[in-house]
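One structure coming up, written as C-alpha coordinates, with questions to follow.
The values are calculated or read from the model by the stated rules, or taken from the named source; none is laboratory data. Remember, it's a predicted structure, so these values are computed and weren't measured experimentally. Glycine gets a Cβ as well: all are built from the backbone with ideal geometry, and neighbour counts include every protein chain shown. With ligands, DNA and RNA removed, areas are computed over all heavy atoms of the protein, side chains included. Shrake-Rupley method; radii C 1.70, N 1.55, O 1.52, S 1.80 Å.
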Amino acid sequence: MRFMQRERATLNEFLPGLDAELSAMPLCDLECAGGPGLKLFKDAGGPALLVPVEHSGLGADAVCAVRVQRAIASRSPSLAIGTTMHHFSIAGLADASVNVQGPEWMLLQAIAEGRLLVASGFAEGRTGQAILSPTMRAEVRGDKVVINGSKKPCSLAHSMDLLTASVALPTDEGEQMAVALVSRHSPGLQVRPFWNNAVLAGAESDEVVLTDVEVPMDLVVRTEITPDQQLDDLQTAGFVWFELLMSACYIGVASALVERVLLAGKVNASLRAGVFTDIEAAMRGVEGVARAISQERAGQEALVDALVCRYHVQDTISLVVRQCVEALGGMAYISSNDVTYLAAASAALAFHPPSRSRMAEPLCGYIAGGPLSIA
(Lines give C-alpha, C1' and ligand atoms only; values in the text may rest on other atoms or scores of the structure.)
Protein backbone atom coordinates (compact mmCIF):
# COMPACT_ATOMS: atom_id res chain seq x y z
CA MET A 1 0.00 0.00 0.00
CA ARG A 2 1.24 3.48 -0.87
CA PHE A 3 -0.46 5.18 2.09
CA MET A 4 2.25 6.57 4.45
CA GLN A 5 4.91 4.91 2.29
CA ARG A 6 7.01 8.08 2.32
CA GLU A 7 6.79 8.50 6.10
CA ARG A 8 7.68 4.88 6.83
CA ALA A 9 10.54 4.98 4.35
CA THR A 10 11.89 8.04 6.17
CA LEU A 11 11.55 6.26 9.51
CA ASN A 12 13.44 3.26 8.15
CA GLU A 13 16.12 5.52 6.73
CA PHE A 14 16.87 7.15 10.08
CA LEU A 15 15.88 4.40 12.54
CA PRO A 16 16.19 1.10 10.66
CA GLY A 17 14.03 -1.72 11.98
CA LEU A 18 11.94 0.33 14.41
CA ASP A 19 8.81 0.35 12.26
CA ALA A 20 8.92 -3.43 11.81
CA GLU A 21 9.33 -3.98 15.55
CA LEU A 22 6.48 -1.64 16.43
CA SER A 23 4.12 -3.03 13.80
CA ALA A 24 4.67 -6.55 15.10
CA MET A 25 3.33 -5.67 18.56
CA PRO A 26 -0.29 -5.28 19.69
CA LEU A 27 -1.32 -1.66 20.15
CA CYS A 28 -2.40 -2.31 23.73
CA ASP A 29 1.09 -3.56 24.66
CA LEU A 30 2.76 -0.48 23.21
CA GLU A 31 0.34 1.95 24.86
CA CYS A 32 0.41 0.68 28.43
CA ALA A 33 2.54 2.26 31.15
CA GLY A 34 5.99 0.70 31.11
CA GLY A 35 5.50 -0.68 27.59
CA PRO A 36 8.42 -1.57 25.31
CA GLY A 37 8.20 1.40 22.93
CA LEU A 38 10.71 3.74 24.57
CA LYS A 39 13.37 1.04 24.88
CA LEU A 40 12.92 0.13 21.22
CA PHE A 41 13.22 3.83 20.33
CA LYS A 42 16.46 4.19 22.30
CA ASP A 43 17.93 0.97 20.90
CA ALA A 44 17.20 2.22 17.37
CA GLY A 45 19.12 5.44 18.04
CA GLY A 46 16.02 7.65 18.19
CA PRO A 47 17.41 10.16 20.71
CA ALA A 48 19.95 11.31 18.08
CA LEU A 49 17.35 12.08 15.38
CA LEU A 50 17.62 15.90 15.56
CA VAL A 51 21.20 16.09 16.84
CA PRO A 52 23.38 17.63 14.10
CA VAL A 53 25.71 15.25 12.27
CA GLU A 54 28.75 17.20 13.46
CA HIS A 55 27.80 16.25 17.02
CA SER A 56 27.43 12.52 16.25
CA GLY A 57 23.70 12.78 15.53
CA LEU A 58 21.48 11.72 12.64
CA GLY A 59 20.90 15.28 11.46
CA ALA A 60 17.24 15.00 10.44
CA ASP A 61 15.72 18.26 9.25
CA ALA A 62 12.22 19.42 10.13
CA VAL A 63 10.56 17.75 7.14
CA CYS A 64 12.13 14.37 7.93
CA ALA A 65 11.31 14.80 11.63
CA VAL A 66 7.58 15.33 11.07
CA ARG A 67 7.48 12.34 8.74
CA VAL A 68 9.20 10.16 11.32
CA GLN A 69 6.79 11.25 14.05
CA ARG A 70 3.76 10.57 11.88
CA ALA A 71 5.03 7.09 11.06
CA ILE A 72 5.75 6.27 14.71
CA ALA A 73 2.38 7.62 15.87
CA SER A 74 0.56 5.37 13.43
CA ARG A 75 2.08 2.43 15.34
CA SER A 76 2.22 3.83 18.87
CA PRO A 77 0.65 7.20 19.74
CA SER A 78 2.25 7.24 23.20
CA LEU A 79 5.74 6.71 21.83
CA ALA A 80 5.41 9.49 19.27
CA ILE A 81 3.90 12.01 21.68
CA GLY A 82 6.37 11.20 24.46
CA THR A 83 9.41 11.44 22.18
CA THR A 84 8.16 14.70 20.68
CA MET A 85 9.03 16.31 24.00
CA HIS A 86 12.55 14.91 23.65
CA HIS A 87 12.89 16.24 20.09
CA PHE A 88 11.52 19.62 21.16
CA SER A 89 14.27 19.88 23.78
CA ILE A 90 16.97 18.74 21.35
CA ALA A 91 15.88 21.27 18.73
CA GLY A 92 16.25 24.01 21.35
CA LEU A 93 19.72 22.81 22.37
CA ALA A 94 20.77 22.61 18.74
CA ASP A 95 19.65 26.20 18.12
CA ALA A 96 21.39 27.34 21.30
CA SER A 97 24.62 25.60 20.26
CA VAL A 98 24.71 27.80 17.16
CA ASN A 99 23.78 31.09 18.82
CA VAL A 100 25.30 30.76 22.30
CA GLN A 101 28.91 30.02 23.16
CA GLY A 102 28.42 27.36 25.82
CA PRO A 103 28.42 23.63 26.56
CA GLU A 104 25.38 22.85 24.39
CA TRP A 105 27.39 21.11 21.68
CA MET A 106 28.97 18.77 24.23
CA LEU A 107 25.54 17.93 25.65
CA LEU A 108 24.23 17.19 22.17
CA GLN A 109 27.12 14.85 21.48
CA ALA A 110 26.65 13.09 24.82
CA ILE A 111 22.93 12.67 24.13
CA ALA A 112 23.57 11.20 20.68
CA GLU A 113 26.40 8.89 21.70
CA GLY A 114 24.75 7.78 24.94
CA ARG A 115 21.24 7.54 23.42
CA LEU A 116 19.93 9.67 26.26
CA LEU A 117 16.28 10.68 26.56
CA VAL A 118 15.52 14.29 27.47
CA ALA A 119 12.22 15.17 29.14
CA SER A 120 10.76 18.67 28.84
CA GLY A 121 9.85 20.52 32.02
CA PHE A 122 8.65 23.63 30.22
CA ALA A 123 5.62 25.47 31.52
CA GLU A 124 2.26 24.53 30.05
CA GLY A 125 -1.13 26.11 30.19
CA ARG A 126 -3.26 25.99 33.29
CA THR A 127 -6.57 27.74 33.63
CA GLY A 128 -5.93 31.43 34.21
CA GLN A 129 -2.15 31.11 33.85
CA ALA A 130 0.00 32.07 30.87
CA ILE A 131 1.84 29.10 29.39
CA LEU A 132 5.21 30.85 29.60
CA SER A 133 4.93 31.35 33.35
CA PRO A 134 7.30 28.77 34.86
CA THR A 135 5.97 26.44 37.54
CA MET A 136 9.48 26.15 39.01
CA ARG A 137 11.40 28.77 40.93
CA ALA A 138 15.14 29.13 41.23
CA GLU A 139 17.70 31.10 43.16
CA VAL A 140 21.40 31.61 42.63
CA ARG A 141 23.66 30.26 45.35
CA GLY A 142 27.29 30.84 44.52
CA ASP A 143 28.12 29.14 41.23
CA LYS A 144 24.91 27.09 41.20
CA VAL A 145 21.21 27.54 40.62
CA VAL A 146 18.90 25.84 43.12
CA ILE A 147 15.51 24.80 41.74
CA ASN A 148 12.22 24.05 43.49
CA GLY A 149 8.88 23.15 41.97
CA SER A 150 7.23 20.52 39.82
CA LYS A 151 6.11 19.79 36.27
CA LYS A 152 2.92 17.84 35.69
CA PRO A 153 2.31 16.19 33.37
CA CYS A 154 5.88 15.58 32.26
CA SER A 155 6.28 13.06 29.45
CA LEU A 156 9.14 10.53 29.72
CA ALA A 157 9.09 11.03 33.48
CA HIS A 158 10.33 7.50 34.22
CA SER A 159 12.62 6.86 31.24
CA MET A 160 14.33 10.25 30.98
CA ASP A 161 18.04 10.67 31.49
CA LEU A 162 17.90 14.47 31.54
CA LEU A 163 15.27 17.14 32.16
CA THR A 164 15.14 20.58 30.53
CA ALA A 165 13.28 22.76 33.00
CA SER A 166 11.98 26.29 32.54
CA VAL A 167 12.55 28.31 35.70
CA ALA A 168 12.13 31.86 36.92
CA LEU A 169 15.42 33.41 38.07
CA PRO A 170 15.36 36.50 40.29
CA THR A 171 16.97 39.64 38.86
CA ASP A 172 17.30 43.25 39.96
CA GLU A 173 14.30 44.07 37.75
CA GLY A 174 12.16 41.15 38.95
CA GLU A 175 12.40 37.74 37.27
CA GLN A 176 13.95 36.31 34.15
CA MET A 177 12.96 33.08 32.47
CA ALA A 178 15.75 30.54 32.01
CA VAL A 179 16.19 26.92 30.97
CA ALA A 180 18.14 24.52 33.19
CA LEU A 181 19.43 21.09 32.23
CA VAL A 182 18.96 18.66 35.12
CA SER A 183 20.30 15.12 35.49
CA ARG A 184 17.72 12.43 36.30
CA HIS A 185 19.95 11.33 39.15
CA SER A 186 20.19 14.75 40.81
CA PRO A 187 19.55 14.65 44.57
CA GLY A 188 16.10 16.08 45.22
CA LEU A 189 14.50 14.97 41.94
CA GLN A 190 11.64 12.50 42.24
CA VAL A 191 8.77 11.21 40.11
CA ARG A 192 5.22 10.91 41.44
CA PRO A 193 2.11 9.33 39.90
CA PHE A 194 -0.10 11.80 38.05
CA TRP A 195 -1.50 10.38 34.79
CA ASN A 196 -4.64 8.43 35.66
CA ASN A 197 -5.97 7.82 32.14
CA ALA A 198 -5.22 4.62 30.21
CA VAL A 199 -5.11 6.67 26.98
CA LEU A 200 -1.49 7.66 26.17
CA ALA A 201 -0.25 6.05 29.37
CA GLY A 202 2.85 4.86 27.51
CA ALA A 203 4.09 8.46 27.24
CA GLU A 204 4.92 8.33 30.98
CA SER A 205 3.34 11.70 31.71
CA ASP A 206 3.65 11.76 35.47
CA GLU A 207 4.77 14.51 37.87
CA VAL A 208 8.45 15.42 38.23
CA VAL A 209 9.22 17.19 41.51
CA LEU A 210 12.41 19.15 42.19
CA THR A 211 13.31 19.95 45.80
CA ASP A 212 16.47 22.04 46.28
CA VAL A 213 18.00 20.56 43.13
CA GLU A 214 21.38 22.12 42.36
CA VAL A 215 22.38 22.83 38.76
CA PRO A 216 25.77 24.25 37.71
CA MET A 217 25.49 27.75 36.28
CA ASP A 218 26.95 26.67 32.93
CA LEU A 219 23.94 24.35 32.45
CA VAL A 220 21.49 27.26 32.67
CA VAL A 221 20.53 29.27 29.57
CA ARG A 222 18.83 32.62 30.17
CA THR A 223 16.13 33.67 27.73
CA GLU A 224 14.62 37.08 26.98
CA ILE A 225 10.88 36.66 27.46
CA THR A 226 9.30 40.08 27.90
CA PRO A 227 6.60 40.90 30.50
CA ASP A 228 3.96 40.94 27.71
CA GLN A 229 4.84 37.31 26.86
CA GLN A 230 6.61 38.06 23.59
CA LEU A 231 9.19 35.43 22.67
CA ASP A 232 12.88 35.69 21.94
CA ASP A 233 14.29 33.92 18.87
CA LEU A 234 15.12 30.71 20.74
CA GLN A 235 11.67 30.43 22.28
CA THR A 236 9.98 31.23 18.98
CA ALA A 237 11.87 28.47 17.20
CA GLY A 238 11.02 26.08 20.04
CA PHE A 239 7.30 26.77 19.74
CA VAL A 240 7.42 26.24 15.97
CA TRP A 241 9.07 22.83 16.45
CA PHE A 242 6.58 21.89 19.15
CA GLU A 243 3.50 22.72 17.09
CA LEU A 244 4.79 20.95 13.98
CA LEU A 245 5.92 17.79 15.74
CA MET A 246 2.73 17.49 17.78
CA SER A 247 0.57 18.10 14.71
CA ALA A 248 2.42 15.36 12.85
CA CYS A 249 1.98 12.97 15.78
CA TYR A 250 -1.76 13.37 15.92
CA ILE A 251 -2.03 13.15 12.14
CA GLY A 252 -0.26 9.82 12.60
CA VAL A 253 -2.80 8.68 15.19
CA ALA A 254 -5.66 9.53 12.84
CA SER A 255 -3.74 7.90 9.98
CA ALA A 256 -3.84 4.59 11.83
CA LEU A 257 -7.63 4.73 11.52
CA VAL A 258 -7.50 5.92 7.92
CA GLU A 259 -5.25 2.99 7.09
CA ARG A 260 -7.79 0.57 8.55
CA VAL A 261 -10.51 2.16 6.42
CA LEU A 262 -8.38 1.98 3.26
CA LEU A 263 -7.78 -1.72 3.88
CA ALA A 264 -11.47 -2.41 4.47
CA GLY A 265 -12.85 -3.23 1.04
CA LYS A 266 -16.44 -2.94 2.25
CA VAL A 267 -16.15 0.84 2.70
CA ASN A 268 -17.29 2.79 -0.36
CA ALA A 269 -14.62 4.40 -2.51
CA SER A 270 -15.94 7.95 -2.04
CA LEU A 271 -15.46 7.79 1.73
CA ARG A 272 -12.07 6.09 1.44
CA ALA A 273 -10.85 8.73 -0.98
CA GLY A 274 -12.29 11.48 1.22
CA VAL A 275 -10.53 10.54 4.44
CA PHE A 276 -7.32 9.94 2.49
CA THR A 277 -7.32 13.36 0.83
CA ASP A 278 -8.27 15.18 4.04
CA ILE A 279 -5.52 13.65 6.18
CA GLU A 280 -2.92 14.01 3.41
CA ALA A 281 -3.81 17.67 2.92
CA ALA A 282 -3.31 18.26 6.64
CA MET A 283 0.11 16.59 6.49
CA ARG A 284 1.13 18.63 3.46
CA GLY A 285 0.40 21.77 5.45
CA VAL A 286 2.68 20.58 8.26
CA GLU A 287 5.41 19.68 5.79
CA GLY A 288 5.11 23.10 4.14
CA VAL A 289 5.88 24.93 7.38
CA ALA A 290 8.57 22.39 8.24
CA ARG A 291 10.22 22.95 4.86
CA ALA A 292 10.24 26.71 5.47
CA ILE A 293 12.06 26.41 8.79
CA SER A 294 14.47 23.87 7.28
CA GLN A 295 15.36 26.65 4.85
CA GLU A 296 16.02 28.95 7.82
CA ARG A 297 12.86 31.04 7.61
CA ALA A 298 12.03 31.45 11.28
CA GLY A 299 10.56 34.17 13.46
CA GLN A 300 7.01 35.19 14.25
CA GLU A 301 5.74 34.57 10.73
CA ALA A 302 6.79 30.90 10.95
CA LEU A 303 5.16 30.59 14.37
CA VAL A 304 1.89 32.00 13.08
CA ASP A 305 2.06 29.58 10.15
CA ALA A 306 2.64 26.70 12.57
CA LEU A 307 -0.29 27.72 14.79
CA VAL A 308 -2.63 28.15 11.83
CA CYS A 309 -1.56 24.73 10.57
CA ARG A 310 -1.99 23.10 13.99
CA TYR A 311 -5.53 24.43 14.53
CA HIS A 312 -6.52 23.31 11.03
CA VAL A 313 -5.07 19.87 11.78
CA GLN A 314 -7.26 19.66 14.90
CA ASP A 315 -10.38 20.28 12.85
CA THR A 316 -9.36 17.86 10.13
CA ILE A 317 -8.59 15.09 12.61
CA SER A 318 -11.95 15.54 14.32
CA LEU A 319 -13.77 15.13 11.01
CA VAL A 320 -11.66 12.28 9.66
CA VAL A 321 -11.72 10.23 12.87
CA ARG A 322 -15.48 10.49 13.15
CA GLN A 323 -15.88 9.31 9.56
CA CYS A 324 -13.42 6.45 10.05
CA VAL A 325 -15.07 5.12 13.20
CA GLU A 326 -18.47 5.13 11.51
CA ALA A 327 -17.13 3.52 8.34
CA LEU A 328 -15.33 0.73 10.19
CA GLY A 329 -18.63 -0.19 11.80
CA GLY A 330 -19.88 -1.77 14.97
CA MET A 331 -18.00 -5.05 14.69
CA ALA A 332 -14.64 -3.29 14.57
CA TYR A 333 -15.75 -1.21 17.54
CA ILE A 334 -16.88 -4.28 19.50
CA SER A 335 -14.19 -6.79 18.59
CA SER A 336 -11.14 -4.74 19.61
CA ASN A 337 -10.18 -1.73 21.70
CA ASP A 338 -7.96 -0.37 18.91
CA VAL A 339 -10.57 1.77 17.16
CA THR A 340 -11.91 3.34 20.34
CA TYR A 341 -8.40 3.85 21.68
CA LEU A 342 -7.13 5.60 18.55
CA ALA A 343 -10.24 7.78 18.41
CA ALA A 344 -9.76 8.84 22.03
CA ALA A 345 -6.03 9.45 21.63
CA SER A 346 -6.53 11.59 18.52
CA ALA A 347 -8.61 14.11 20.49
CA ALA A 348 -5.74 15.08 22.79
CA LEU A 349 -4.10 17.51 20.35
CA ALA A 350 -6.62 20.11 21.55
CA PHE A 351 -5.13 19.93 25.05
CA HIS A 352 -1.59 20.92 24.08
CA PRO A 353 -0.61 24.57 24.44
CA PRO A 354 -1.36 27.14 23.31
CA SER A 355 -5.11 26.51 23.10
CA ARG A 356 -7.08 28.02 20.24
CA SER A 357 -9.27 30.06 22.59
CA ARG A 358 -6.29 31.63 24.41
CA MET A 359 -4.55 32.48 21.14
CA ALA A 360 -7.60 34.06 19.47
CA GLU A 361 -6.90 37.60 20.68
CA PRO A 362 -3.10 37.46 20.11
CA LEU A 363 -3.62 36.16 16.58
CA CYS A 364 -6.12 38.92 15.83
CA GLY A 365 -3.60 41.44 17.14
CA TYR A 366 -0.90 40.00 14.88
CA ILE A 367 -3.23 40.07 11.85
CA ALA A 368 -3.93 43.73 12.62
CA GLY A 369 -0.21 44.49 12.44
CA GLY A 370 1.04 44.06 16.00
CA PRO A 371 3.64 41.65 17.41
CA LEU A 372 2.59 38.14 18.38
CA SER A 373 2.35 37.33 22.07
CA ILE A 374 1.72 33.92 23.63
CA ALA A 375 -1.25 33.80 25.99
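Find how much the distance from Ala110 to Phe351 grows on full extension, using 0.36 nm per residue of separation minus their present alpha carbon separation; answer in nm with one decimal.
83.5 nm
Here's something else I'd like to know. What is the mean projected area of the alpha carbon convex hull for region 157-198, to one decimal in square nanometres?
4.4 nm²
Considering only protein heavy atoms and a probe of 1.4 Å, how much of the accessible area of region 1-124 is carbon and sulfur, as a whole percent?
Roughly 54 percent of what the probe reaches on region 1-124 is carbon or sulfur.
Right, something else. Please give the calculated 222 nm ellipticity per residue for the chain, where each DSSP H segment of at least 4 residues contributes -39500 (n - 2.57) and the sum is spread over every residue; nearest 500 deg cm²/dmol?
-17000 deg cm²/dmol
Mean 1/r over all different Cα pairs, inverted: what Kirkwood radius does region 242-342 give, in Å?
It works out to 14.4 Å.
Ratio of alpha-carbon Rg to the 2.2 N^0.38 Å globular estimate for region 1-46, to two decimals, please.
1.19
Hey, any idea what the orientation-averaged projected area of the convex hull of region 143-226's Cα atoms comes to, in nm²?
6.3 nm²
What is the dipole size for the chain, taken about its Cα centre, with +1 at each Lys and Arg Cβ and -1 at each Asp and Glu Cβ, in debye to the nearest 20?
1180 debye
Can you tell me what the convex hull of the Cα atoms of region 270-315 projects to on average, as an area in nm²?
Value for region 270-315: 3.2 nm².
How would you rank 159-168, 340-349, highest first, on the average number of other Cβ atoms within 10 Å across their residues?
Put in order of decreasing packing, that is 159-168, 340-349.
If you don't mind, there's one more thing I want to ask. Can you give me the Rg/Rh ratio for region 49-122, using Cα atoms for both radii and the Kirkwood formula for Rh?
Expressed as Rg/Rh, it is 0.97.
Quick one: accessible area per residue over region 307-354, 1.4 Å probe, rounded to a whole number of Å²?
46 Å²
Measuring from label point to label point, each 7 Å out along Cα→Cβ, what is the Ser183 to Thr277 span in nm?
In this crude label model, Ser183 to Thr277 measures out at 5.7 nm.
Which ³J(HN,Hα) values, rounded to whole Hz and listed in residue order, are derived for region 355-368 from phi using the Karplus coefficients 6.51, -1.76 and 1.60 in 6.51 cos²θ - 1.76 cosθ + 1.60 with θ = phi - 60°, glycine and proline given as x?
Result, rounded to whole Hz: 5, 4, 5, 6, 8, 4, 5, x, 5, 4, x, 5, 4, 6.
While we're looking at this one, here's another question. Give the carbon-plus-sulfur fraction of the accessible surface of region 230-362 in %, rounded to a whole number; probe 1.4 Å, heavy atoms of protein chains only.
57 percent
If you take the Cα atoms of region 312-375, find Rg, then find the Kirkwood Rh from the mean of 1/r over all pairs, what is Rg/Rh?
When Rh is taken as the Kirkwood radius, the ratio is 1.21.
So, one more: Of Lys42/Lys144; Lys42/Lys152; Lys42/Lys151, which ones are farther than 27 Å apart at the Cα?
Where the Cα-Cα span goes over 27 Å, the pairs concerned are Lys42/Lys144.
Then there's this: Excluding ligands, DNA and RNA, what is the solvent-accessible area per residue of region 1-77 at a probe of 1.4 Å, expressed in Å²?
It amounts to 39 Å² per residue over region 1-77.
Which trypsin sites (Lys or Arg not before Pro) in region 1-101 pass both tests, a DSSP loop state and at most 16 other beta-carbon atoms within 10 Å?
Passing both the DSSP loop test and the Cβ count: Arg2.
Once the chain is represented by equal point scatterers at the alpha-carbon sites, with solvent omitted, what log10 I(q)/I(0) does the Debye formula produce at q = 0.06, 0.07, 0.09, 0.12 Å⁻¹?
-0.21, -0.29, -0.49, -0.88
Quick one: net charge of Leu18's neighbours, Cβ under 15 Å, K/R +1, D/E -1?
+2
Now for a different question. Ratio to report: Rg/Rh of region 1-127, with Cα atoms as the point set and Rh obtained by the Kirkwood method; give two decimals.
Looking at region 1-127, the ratio lands at 0.98.
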